[in-house]
Amino acid sequence: MKIHWLQHVDFEGLGSMESWSRKKGFDLTCTRLFADDPLPALEEFDLLIVMGGPMGVLDEGQYPWLQQEKNFLQKVIAAGKPVLGICLGAQLLADVLGAKVFPNKEKEIGWFPVLRADVVPDGSKLPEQLTNILPSSQTVFHWHGDTFSLPEEAVRLYSSEACANQAFVYNERVIALQFHLETTPESITALIENCRAELMPATWIQQEGEILAASKQDRLAEINSWMSAFLEYLTLQV
């Protein structure tokens, strides 16, 4: 299995997904978009992971590679490759699938629960392997200010009190998650150090001490296990 991932900033890595991939013996390759690394040919990977970043999907003037990335994602989806998008990655997937990406009414930063969506649109059916890994609720780690409308033919998986669209699946092979299940102590520290200015007092923004206090080992292990389940599911779609 060959996994390729797209990195938007040097301080947002794969987190727990790297150790999961290494234990499986999978090949890992990366395009550092911020460093102008070339994008791979479609035949060079089986599964694509699109990571997060502080920029927005419409910031092409400041980050010209965003348009190149969007064109690439369209080709990957059209080729039927499994794709996982996280935070900015989820927003990019929503954008290339024709949905709107816009500022959420509130920034959501810290540990907050997401709730599974109960209503599946008529004619839509989630694969049993995916349904089996979707808990009714889970407290997860968030760091986002934007959100998206639901792409046509996508199925909403999760919502939160602060954000209606937290996750969706499209065509069984594309999964978008606003929240960070790959979180590790190192990735939380990196986000805080590089994005501390966003920790302004607000209803859905926890402060640094609160975030760190809530980042308990058992909670991290729980969400990392859930991320592994999503990855296991996507490998079955190859």
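A few notes on this one:
- Some residue of the range 152-161 being of a type in the set (Phe, Trp, Tyr), under 16 Å from Val50 (Cα atoms) and either buried (at least 20 other Cβ atoms within 10 Å of the Cβ) or touching a residue at least 12 places away in the same chain (Cβ under 8 Å) (or both): no
- Test: residue in the range 10-30 that is part of a strand (DSSP E or B), among the β-branched types (Val, Ile, Thr) and in contact with a Leu (Cβ under 8 Å, 6 or more places away or on another chain): no
- Within the range 31-41, the residues that satisfy the criterion of being in a helix (DSSP H, G or I) and either basic (Lys, Arg) or loosely packed, with under 15 Cβ neighbours inside 10 Å (or both) are Phe34, Ala35.
- Just one of the numbered conditions (1) more than 16 Å from the chain's Cα centre (by Cα); (2) over 24 Å from Val101 (Cβ atoms) is not true of Ala79: (2).
Table: residues versus (1) at pLDDT 95 or above; (2) of a type outside the set (Phe, Trp, Tyr); (3) part of a loop (DSSP other than H, G, I, E, B).
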position	(1), (2), (3)
Val120	no, yes, yes
Thr139	yes, yes, no
Gly145	yes, yes, no
Pro151	yes, yes, yes
Ala162	yes, yes, yes
Asn165	yes, yes, yes
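- Out of Leu84, Leu66, one residue alone is aliphatic (A, V, I, L, M) and either within 30 Å of Ser137 (Cβ to Cβ) or buried (at least 23 other Cβ atoms within 10 Å of the Cβ) (or both). It is Leu84.
- Annotation note: Cβ proximity below 8 Å between a residue of the range 33-59 that is under 20 Å from Leu236 (Cβ atoms) and free of Cβ contacts under 8 Å to residues at least 40 places away in the same chain and a residue that is of a type outside the set (Gly, Ala, Ser) and assigned to a helix (DSSP H, G or I) (sequence gap 6+ or interchain) occurs for Leu42/Lys75; Leu42/Val76.
- Tallying residues that are on the phi < 0 side of the Ramachandran plot and either buried (at least 19 other Cβ atoms within 10 Å of the Cβ) or not in a helix (DSSP H, G or I) (or both) within the range 69-81 yields 7.
The values are calculated or read from the model by the stated rules, or taken from the named source; none is laboratory data. The structure displayed is predicted, hence computed values, not measured ones. Note that we place each Cβ from the backbone using ideal geometry, even for glycine, and neighbour counts take in every protein chain shown.
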